[in-house]
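The values are calculated or read from the model by the stated rules, or taken from the named source; none is laboratory data. Since we're looking at a predicted model, the values are computed, not measured. Neighbour counts are summed over all protein chains in view; Cβ atoms, including those assigned to glycine, are modelled from backbone coordinates with ideal geometry. When the accessible area is computed, the model is the full protein with side chains, heavy atoms only, and any ligands, DNA or RNA have been set aside. Shrake-Rupley method; radii C 1.70, N 1.55, O 1.52, S 1.80 Å.
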Amino acid sequence: RPPTTDTSEEKPAAPTKELPVYHSGTSKPRVVVLGSGWGAMSFLKSLPRDAAESIDLTLISPRNYFLYTPLLPAVATGTVEERSIVEPVRRVLKKKGKYFEAICNDIDPVERSLVACFPPEAGLDEACFKVPYDMLVLAVGSSNNTFGIKGVEDHCFFFRSITNANELRRRVSECFERAALPQSTSEERKKLLSFVVVGGGPTGVEVAAELHDMVRDDLVKVYPDLIKDVRIRVIELMDHVLSTYDRAISDYTANEFSRGAIELVLNSRVAGVRKGEVDVINTTTNTTEVIPFGACVWSTGVAMHPLIKKLQGKLPGGTQTHFRSIVTDEYLRVIGSEGTIFSIGDAATIAQGKALAKAKDLFWEADKDGNGVLSLGELRDMLRAHSREYSHFAEHARFLDGKYGASRWGGMVASAVSRGKKPVDAVVGELTEDTALEEDQFRDLLEKIDRGLRALPATAQVAKQQGEFLAALLGKGAVRQGSQIPADAKPFKYSHKGSLAYVGSDKAVMDVPTVGPIFGWGAGLMWKGFETYSQISFRNIFLVSLDWIRTKIFGRDISR
Ligand code: FAD
Ligand code: MG
Ligand code: MG
Ligand code: MG
Ligand code: MG
């Protein structure tokens, strides 16, 4: 299999005039899906077996396999084998539709067609064709965010594809072998064996943890003399890692890392990267440190996919202005596409209404007794009544219920739910039973509540649920009715099942709603179980299970 990488560079659109046009020869509604990642595959899997009877489905993606990203850090160190976490697209697709290995590089939302090209990376000729659609499902994901920092592109490893994981694995092996040569000086050894991870989110943390496990469990046996020179560092902008998790989890992780000798370089911003060196500025002391490295992994979040950016400019002016994603309505229809384009996963974000714009109306509506000020009860009732429209109201209403609610049980449940949610506490927590908010105080409060308005995170969990939602919507006849949303369809609602991350030494951290933070060995076992069981097919579940056992018994194979 030739190495197919995610394409992040923008390519000029091929001339569309004389391109062959793809026709399946049926008159069924044409559904075209772009991507073979979490969003697209979950959509595909959720379609009924006999989907081909009512729609004409075409899947286009340069990557002819699905990749189970959560275990990619484990692949980089050989804990899990790469073949265990990929599944061929054609095997998921079965008889539901047709697949073309191609990159879409242009979409014409007016003509309702797109141009796709066979990726020439394999050394063959590029071959482009045109595909008309009635409904387009955009699930192309995101691209790497370098924040425009110099040298990142050239000297760091990104971490999203199998190719990336293999490159890193090869590099780490190289560094150890090079350091073991007789002429290596102590300084050279220290540089080669310095591994830097930029970004303290779940991916960065997991890469550092897996690297550390590999050193502690396996490399120590084959390079006993080199181990004292190994350093693993995580550079993070904030003053703690895993900042989207409960604070107790960040603290636990920091503690685990310090015991395992993974260093956290906090409050630090990367200013530039050169070959084997990264400039790090400490934002509290404003001092610069140069950290030498053998390998540097860049994992600082996601940026807009070039195709999405291109489409953004073609949709009616003013409807698409988001800096990172294409904006959809709550049925996941791209705004400005007249309901013909749907977008899911990292590529998309759902438009959310800010409440502040309606502050006046909301205030006077809330003031039931008409005395010109809002009591705590009036505020809570209003927040609850509007939490469908402004979903970020819900947690605040629940919090007030929990603190001052009439029902003891309701209150206990609510305070369990909002446990650890400090932002909520900071906004409505200071209100008391005899609060009387005037209109401008209410405005200030709304502004604070709006600030907590978070788009859904760029996670597999979100992409998966959106794919399932879209398949169900289609089942209700969304395409047959000319992309009209069927009357009985409910808007998409995300259900957060919790976040988890592996922190090394068989331990993990979990942040589960209503339960709260869990960490340690138990969580480690649950993490392993979850990541195994969640594989896309039984074959993958089997292979991943075998990998865990193999690694425990025989260790990792670190040769290239
Ligand atoms: P992707 O899964 O990225 O899929 C995009 C697809 O589009 C790919 O198949 C790509 O080849 C294709 N494509 C790209 N360009 C084009 C084009 N021009 N035309 C056609 N096709 C195109 N999330 C979690 O919830 N839990 C985790 O533990 C977790 N761990 C992660 C670990 C790592 C290392 C990484 C990188 C991510 C992790 N994530 C995790 C995030 C998760 O992988 C993403 O949020 C998810 O993949 C988004 O799904 P998607 O379908 O939008 O995009
Ligand atoms: Mg996808
Ligand atoms: Mg994970
Ligand atoms: Mg999204
Ligand atoms: Mg009042």
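Split the accessible area of the chain by element, probe 1.4 Å, and carbon with sulfur accounts for 54%. Close amide H partners of residue 348, meaning residues 5 or more places away or on another chain with modelled amide H under 5 Å apart, are 326.
Taking R0 as 25 Å, what's the FRET efficiency between residue 18 and residue 314 from their Cβ-Cβ distance, rounded to 0.05? Rounded to the nearest 0.05, the efficiency is 0.70.
Taking N as the residue count of region 199-250, its C-alpha radius of gyration divided by 2.2 N^0.38 Å amounts to 1.36. With each label modelled as a point 7 angstrom along the Cα→C-beta vector, the residue 373-residue 166 pair spans 7.0 nm.
Rounded to whole numbers, the Karplus 3J(HN,Hα) couplings from phi for region 193-209 are 9, 9, 10, 10, 10, 9, x, x, x, x, 5, x, 4, 5, 5, 4, 5 Hz, using 6.51 cos²θ - 1.76 cosθ + 1.60 with θ = phi - 60°, and x at Gly and Pro. With charges only on Cβ, +1 for K and R and -1 for D and E, what is the dipole size of the chain about its Cα centre, in debye, rounded to 20? It works out to roughly 1580 debye. Taking one quarter of the surface of the C-alpha convex hull of the chain gives a mean projected area of 29.3 nm².
How much FRET efficiency would the formula 1/(1 + (r/R0)^6) give for residue 387 and residue 243, where r is the Cβ-Cβ distance and R0 is 35 Å, rounded to 0.05? Write out the running numbers ahead of the final one.
Details: r = 26 Å, r/R0 = 0.73.
E(calc), rounded to 0.05, equals 0.85.
How long is the gain from residue 525 to residue 284 if the chain were fully straight, where each residue apart is worth 0.36 nm and the alpha carbon distance is subtracted?
83.0 nm
Using a cut-off of 18 Å between Cα atoms, the listed pairs 354/448; 28/96; 190/228; 28/314; 360/493 include 28/314; 360/493 as exceeding that distance.
Within the same chain, aspartates and glutamates fewer than 8 places from residue 476 are excluded, and of the rest, those with a Cα less than 15 Å from its Cα are 50, 53, 468, 488.
Rounded, prolate or oblate: which one fits region 37-178, using the alpha carbon gyration tensor with axes a ≥ b ≥ c (rounded when a/c is under 1.5, else prolate when a/b beats b/c, else oblate)? Prolate shape, in that a/c is at least 1.5 and a/b is the bigger ratio. Average accessible surface for the chain: 47 Å² per residue, computed with a 1.4 Å probe over protein heavy atoms with every protein chain in place.
Find, to one decimal place in angstroms, the Kirkwood hydrodynamic radius of region 163-295, where the mean of 1/r is taken over every pair of different Cα atoms and then inverted. Could the numbers behind the result be given before it?
On the way: mean 1/r = 0.0648 Å⁻¹.
That comes to 15.4 Å for region 163-295.
Less than 5 angstrom separates the built amide H of residue 272 from those of 279, all sequence-distant by 5 or more or on a different chain.
How high is the FRET efficiency between residue 174 and residue 54 when r is their beta carbon distance and R₀ equals 51 Å, given to the nearest 0.05?
On the way: r = 53 Å, r/R0 = 1.04.
E between residue 174 and residue 54, to the nearest 0.05, is 0.45.
Taking only DSSP H segments of four or more residues, each worth -39500 (n - 2.57), what value at 222 nm results for the chain once the sum is divided by all its residues, to the nearest 500 deg cm²/dmol?
Values: 18 runs with 189 residues, N = 560.
Rounded to the nearest 500, it is -10000 deg cm²/dmol.
Fully extending the segment from residue 490 to residue 275, taken as 0.36 nm per residue of separation minus the present Cα-Cα distance, adds 72.2 nm. Within straight-line reach of residue 130, meaning a Cα separation under 15 Å, sit the following aspartates and glutamates at least 8 residues removed in sequence or on another chain: 18, 101, 106, 108, 111.
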